[in-house]
């Protein structure tokens, strides 16, 4: 493969890999149905981690450029069959994309008695048990995110899956469930004792609270997600450019 990473470049590695893959999948042999090389082989030939490569592939899948099928492989989607892009990642994936080494401090997977709000969201009966996944993660020094995910029982998850990373990628590859739409509510709130103990902050410290509703490609609910994040863990920069008018 005629591609080399430039580690001295100011362009992030993920952007370099994405640029390379876009050029690769535009080649005639892949546009006519040839499968892409296996992830482990592609990652090795490029010289990046498989995790980083999968993030890029996952993004192209959600843009409708690629399609992945279990036991078959990954191939290019014809332009006429492209889907709308959702262009969002889980916070775990955001950290990986920013080259943060993510450490999982705690993971708890349990089946819980259904609540009315969850039953209404997933459109299931109150007798259905709901899979609950709690994660506490951060960088190597400290945890700064505590999240709770509830998953639709109709997906078919068993509870013994690896929920530590790339869950949407896993749902797609193993259950053909594509996370397509995310509806979010983000607010600031004071941490209570439980959250303060988890994130190692004083009670009452302002934290970022995110509530996310995730739906598949036909807008069926997949995940009900709650996230508590230290406010000093990351800074988002929003760029807005002035509109220009044609002369």
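Read the figures in this text as sums done on the coordinates, not as results from a lab. Just so it is clear, the structure is predicted and the values come from calculations on it, not from any experiment. Methodologically, a virtual Cβ is constructed for each residue, glycine included, from the backbone with ideal geometry; neighbour enumeration extends over all protein chains shown.
If I ask for residues that are closer than 26 Å to residue 101 by Cα and touching a strand residue (DSSP E or B) at 6+ places or on another chain (Cβ under 6 Å), which ones from the stretch 152-167 would you list?
Within the stretch 152-167, 159, 163, 164 meet the criteria.
Looking at the stretch 204-215 only, could you name the residues that are exposed (fewer than 15 other Cβ atoms within 10 Å of the Cβ) and closer than 13 Å to residue 228 by Cβ?
Passing the criteria: 206, 211.
Using the structure shown, decide if residue 59 is in a helix (DSSP H, G or I) and closer than 24 Å to residue 177 by Cα.
yes
Please specify each residue of the stretch 154-177 satisfying the condition of being in contact with a helix residue (DSSP H, G or I) (Cβ under 9 Å, 6 or more places away or on another chain), outside any helix (DSSP H, G or I) and closer than 28 Å to residue 126 by Cβ.
Answer for the stretch 154-177, where residues must be in contact with a helix residue (DSSP H, G or I) (Cβ under 9 Å, 6 or more places away or on another chain), outside any helix (DSSP H, G or I) and closer than 28 Å to residue 126 by Cβ: 156, 157, 161, 163, 177.
Can you tell me which condition residue 170 does not meet? The list is (1) in contact with a strand residue (DSSP E or B) (Cβ under 9 Å, 6 or more places away or on another chain); (2) within 14 Å of residue 92 (Cβ to Cβ), and all the others hold.
Failing condition for residue 170: (1).
Take the residues in the stretch 118-153 that are touching a residue at least 40 places away in the same chain (Cβ under 8 Å) and in a helix (DSSP H, G or I); name whichever of them is nearest to residue 226 (Cα to Cα).
118
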